[in-house]
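Each remark here refers to the structure printed beneath this line.
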Amino acid sequence: MSSTQFDGDIDSFVSYLKSNRGLSANTLKAYRADLTACLHLFELRGVTDLNEITLDDLRSWMAVESRDHARSSMARKTVAVRGFFAWAYEHGLTTTDPAATLMTPSIPSTLPAVLTESQAEQLLDVAEHAVATNQYKDDGGAAAAPGSGKAAGKTADKSADTVNRSEAPARADKRDNARVTAESQRNAAILELLYATGIRVAELVSMDVADIDFSNRTIKVTGKGNKQRVVPFGLPAQRALETWLEQGRPVLARTATDAVKSRAANALFLGARGGRIDQRIARDIVHRAAREAGVPDISPHALRHSAATHMLDGGADLREVQEMLGHSSLKTTQRYTHVSIEQLKNRYGQAFPRA
């Protein structure tokens, strides 16, 4: 990323957003990159003071950026730049706000991709079957200590080193089997929870064990802007979560170093090395499960779309779905009603004799 003479102002603005808006780390990183690229361009044009930048300059910047970026990216960049100059004006860094009337590019409305209910059922059935197929009874993973059990009865001339060498492959296989089982249990729990609740993948990976209330069958979710909401889940998700927490999580937790273990002590989902699972791994789990189930390739966000659509199809109220998904605007949730209508039209065309 290029640096500019305005980096100090950008840092102050990003710190302001972090303190006052509660934006995610990824959003703040994107805004910083957008502003740095924008102001670097003006610096190359000889601008040395923010007051020199005009609305025409910003429109020129948009024209340059739009050659290589999609409208969705341009919309985000425009929001970042408009917010920066509004902040600069409010804090006395500029005498005017040149971006006040800068228009955000319109983004075509597209319907989100969703699975049918039968495809979602197939996806989760395959994940559950993988747990059953890879099931391995773990006894705690503790290797027999030299000099204990059978080793204690060995003659003195048979060294403990010889015993350890002969038993090492068996112990390694045992650990590998336990890990594969644990990962299958984790993957099934992730898929069940994503579909049951419609939560975002970022919300999933940030969850702690204490966020689950099994007595009420609800989870506490921290969403965008650090807003918290409580979301219910069903019996299949409860069973998958209990299996993961009781059997799988302890296995992966044992693989962590002390430093990693302390950072992930409260994490609901763990990666292969015992640390808190990251978004990339969670996305890979969903994509791989879709391939194995033979359903259309989907992302965790598409699974969220599917959950919302299926709830509406089942008669849920639009406001209830809005609350579950954590949408600040009902307009965002209303997209799913269009998906339901499209599916109704398709079923109508297939089933109705005079369609």
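Overview of values
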read-out	value
Filter result (within 16 Å of residue 121 (Cα to Cα) and among the hydroxyl-bearing types (Ser, Thr, Tyr)) within segment 189-238	195, 197
Qualifying residue in segment 164-183 (condition: at pLDDT below 90, open to solvent by less than 70 Å² (accessible area, probe 1.4 Å) and touching a Gly at 6+ places or on another chain (Cβ under 6 Å))	no
Top-ranked residue in segment 11-34 [being touching a residue at least 60 places away in the same chain (Cβ under 8 Å) and aromatic (Phe, Trp, Tyr); ranked as most open to solvent (accessible area, probe 1.4 Å)]	16
Hits in segment 224-237 (condition: open to solvent by less than 70 Å² (accessible area, probe 1.4 Å) and either touching a helix residue (DSSP H, G or I) at 6+ places or on another chain (Cβ under 6 Å) or within 19 Å of residue 285 (Cα to Cα) (or both))	231, 233, 234, 237
Candidates 258, 278, 297 - the one that is free of Cβ contacts under 8 Å to residues at least 40 places away in the same chain, surrounded by fewer than 21 Cβ atoms within 10 Å (Cβ to Cβ) and either touching a helix residue (DSSP H, G or I) at 6+ places or on another chain (Cβ under 7 Å) or hydroxyl-bearing (Ser, Thr, Tyr) (or both)	297
Residue 88 being within 30 Å of residue 300 (Cα to Cα) and of a type in the set (Gly, Ala, Ser)	no
Close pairs (6 angstrom Cβ cut-off, 6 or more residues apart or separate chains): within 15 Å of residue 280 (Cβ to Cβ) in segment 189-214, open to solvent by 20 Å² or more (accessible area, probe 1.4 Å) anywhere	201/279; 205/279
Selection count where residues are at pLDDT below 90, not in a helix (DSSP H, G or I) and not hydrophobic (A, V, I, L, M, F, W, C), scope segment 46-78	4
Residue list for segment 1-45, restricted to those being charged (D, E, K, R) and within 29 Å of the chain's Cα centre (by Cα)	11, 18, 21, 29, 32, 34
Members of segment 195-219 that are surrounded by fewer than 21 Cβ atoms within 10 Å (Cβ to Cβ) and farther than 22 Å from residue 275 by Cβ	213, 214, 215, 216, 217, 218
Members of segment 300-313 that are open to solvent by 40 Å² or more (accessible area, probe 1.4 Å) and over 19 Å from the mean Cα position of the chain (by Cα)	311, 313
Conditions (1) exposed (fewer than 14 other Cβ atoms within 10 Å of the Cβ); (2) in contact with a helix residue (DSSP H, G or I) (Cβ under 9 Å, 6 or more places away or on another chain); (3) within 26 Å of residue 227 (Cβ to Cβ); number of the one not met by residue 52	(3)
So residue 304, is it basic (Lys, Arg), closer than 21 Å to residue 188 by Cα, in a helix (DSSP H, G or I) and modelled with pLDDT of 90 or more	no
Contacts under 6 angstrom Cβ, first residue in segment 239-252 being under 15 Å from residue 267 (Cα atoms), partner among the hydrophobic types (A, V, I, L, M, F, W, C), 6 or more apart	241/189; 244/189; 248/182; 251/178; 251/182; 252/182; 252/270
1 or more residues over 21 Å from residue 200 (Cα atoms) and of a type in the set (Val, Ile, Thr): qualifying helices (runs of 4 or more DSSP H) within segment 247-298	249-253, 258-263
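To keep it simple, each residue is scored yes or no on (1) in contact with a strand residue (DSSP E or B) (Cβ under 7 Å, 6 or more places away or on another chain); (2) assigned to a helix (DSSP H, G or I); (3) modelled with pLDDT of 90 or more.
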{"position": "108", "(1), (2), (3)": "no, no, no"}
{"position": "114", "(1), (2), (3)": "no, no, no"}
{"position": "120", "(1), (2), (3)": "no, yes, yes"}
{"position": "125", "(1), (2), (3)": "no, yes, yes"}
{"position": "130", "(1), (2), (3)": "no, yes, no"}
{"position": "135", "(1), (2), (3)": "no, no, no"}
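The values are calculated or read from the model by the stated rules, or taken from the named source; none is laboratory data. Keep in mind that what you see is a predicted model, and the values were worked out from it rather than measured. Because the Cβ atoms are built from the backbone with ideal geometry, glycine has one as well, and the counts that use them run over all protein chains shown. Note: accessible area is taken over every heavy atom of the protein model, side chains too, but ligands, DNA and RNA are not part of it. Shrake-Rupley method; radii C 1.70, N 1.55, O 1.52, S 1.80 Å.
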